[in-house]
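What follows is a set of notes on a single structure, which appears directly below.
The values are calculated or read from the model by the stated rules, or taken from the named source; none is laboratory data. Computed from a prediction, not measured in an experiment: that's the story for all the values here. Note that we place each Cβ from the backbone using ideal geometry, even for glycine, and neighbour counts take in every protein chain shown.
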Amino acid sequence: MKASAVSLLAGLLFGAGLTVSGMADPMRVRAFLDLFGAWDPTLAFVMAGALMPMALAWRVQQRMPKPIACEAFDLPGTGLLDAKLILGAILFGIGWGIGGLCPGPALADLAIAPLEAGIFVVAMLAGMTAHRIITQ
């Protein structure tokens, strides 16, 4: 129960951050990606602003014997770049550029613009399903 409450709180905070920062606005994302047109650098400042709290979080995590709401940390390992990672990054970038959304903002936008975000979410779920079928 405690882990679920912490997860819910983290998700609400993340969604609020996406909305306040403008990252849930597909037009702002497209303007950020338009380097040779009407470029809007505000999302660069949002990303740069996220570096300091994340660096602090990593330092705090290194000093903690265990997480607050779980028995142990479950951190991903590091690995070399492989074809699957590169292809996934390319597909993510193409989807982000075309749709102006990535998974987090798309889910947040379901409450703001359900039709537009819904199309993206359906396509995202289809891609996730295709990945699961192909990689089995």
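Any residue in segment 83-92 that is touching a residue at least 40 places away in the same chain (Cβ under 8 Å), under 27 Å from Val20 (Cβ atoms), under 18 Å from the mean Cα position of the chain (by Cα) and in a helix (DSSP H, G or I)? Break it down into steps so the answer makes sense when it comes.
If we filter segment 83-92 for residues that are touching a residue at least 40 places away in the same chain (Cβ under 8 Å), which is where we start, we get none.
Checked against the condition, which is being touching a residue at least 40 places away in the same chain (Cβ under 8 Å), under 27 Å from Val20 (Cβ atoms), under 18 Å from the mean Cα position of the chain (by Cα) and in a helix (DSSP H, G or I), segment 83-92 yields no hits at all.
Residue-wise test of (1) polar (S, T, N, Q); (2) more than 17 Å from the chain's Cα centre (by Cα); (3) surrounded by fewer than 10 Cβ atoms within 10 Å (Cβ to Cβ); (4) at pLDDT below 85.
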position	(1), (2), (3), (4)
Leu8	no, no, no, no
Val20	no, no, no, yes
Ala31	no, yes, no, no
Ala38	no, yes, yes, no
Ala44	no, no, no, no
Ala50	no, no, no, no
_Residues (aromatic (Phe, Trp, Tyr) and under 22 Å from Met128 (Cβ atoms)) located in segment 49-95_ = Phe92
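Per-residue answers, yes or no, for (1) at pLDDT below 85; (2) touching a Leu at 6+ places or on another chain (Cβ under 9 Å); (3) under 26 Å from Ser7 (Cβ atoms):
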site	(1), (2), (3)
Ala69	yes, no, yes
Phe73	no, no, yes
Gly77	yes, no, yes
Leu81	no, no, no
Leu87	no, no, no
Ile90	no, no, no
Ile98	yes, no, no
Gly104	yes, yes, yes
Leu110	no, no, yes
*Any residue in segment 1-22 that is in contact (Cβ under 8 Å) with a residue 24 or more places away in the chain, closer than 20 Å to Pro103 by Cα and basic (Lys, Arg)?*
no
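Residue by residue through segment 15-33, note down the ones that are in a helix (DSSP H, G or I), hydrophobic (A, V, I, L, M, F, W, C) and closer than 13 Å to Ala106 by Cβ. Break it down stepwise before answering.
Here is the first cut: in segment 15-33, the residues in a helix (DSSP H, G or I) are 15-21, 26-33.
With hydrophobic (A, V, I, L, M, F, W, C) added as a condition, the list becomes 16, 18, 20, 27, 29, 31-33.
Leu18, Val29, listed by residue number.
From the list Gly95, Gly104, pick out the single residue that is in contact (Cβ under 8 Å) with a residue 40 or more places away in the chain, surrounded by 14 or more Cβ atoms within 10 Å (Cβ to Cβ) and not in a loop (DSSP other than H, G, I, E, B). Spell out how you get there, then give the answer.
Working: Gly95 fails: in contact (Cβ under 8 Å) with a residue 40 or more places away in the chain.
Testing whether each residue is in contact (Cβ under 8 Å) with a residue 40 or more places away in the chain, surrounded by 14 or more Cβ atoms within 10 Å (Cβ to Cβ) and not in a loop (DSSP other than H, G, I, E, B) leaves just Gly104.
Keeping to segment 65-75, report how many residues are among the hydrophobic types (A, V, I, L, M, F, W, C), surrounded by 10 or more Cβ atoms within 10 Å (Cβ to Cβ) and free of Cβ contacts under 8 Å to residues at least 24 places away in the same chain.
1
Would you call Cys102 of a type in the set (A, V, I, L, M, F, W, C) and under 14 Å from the mean Cα position of the chain (by Cα)? Can you show your working first?
Values: of a type in the set (A, V, I, L, M, F, W, C): yes; under 14 Å from the mean Cα position of the chain (by Cα): yes.
Answer is yes for this residue.
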*Given the structure, is Leu56 part of a helix (DSSP H, G or I), at pLDDT 85 or above and not charged (D, E, K, R)?*
yes
_Residue within segment 129-136 that is assigned to a loop (DSSP other than H, G, I, E, B) and either more than 15 Å from the chain's Cα centre (by Cα) or over 29 Å from Phe36 (Cβ atoms) (or both) present_ = yes
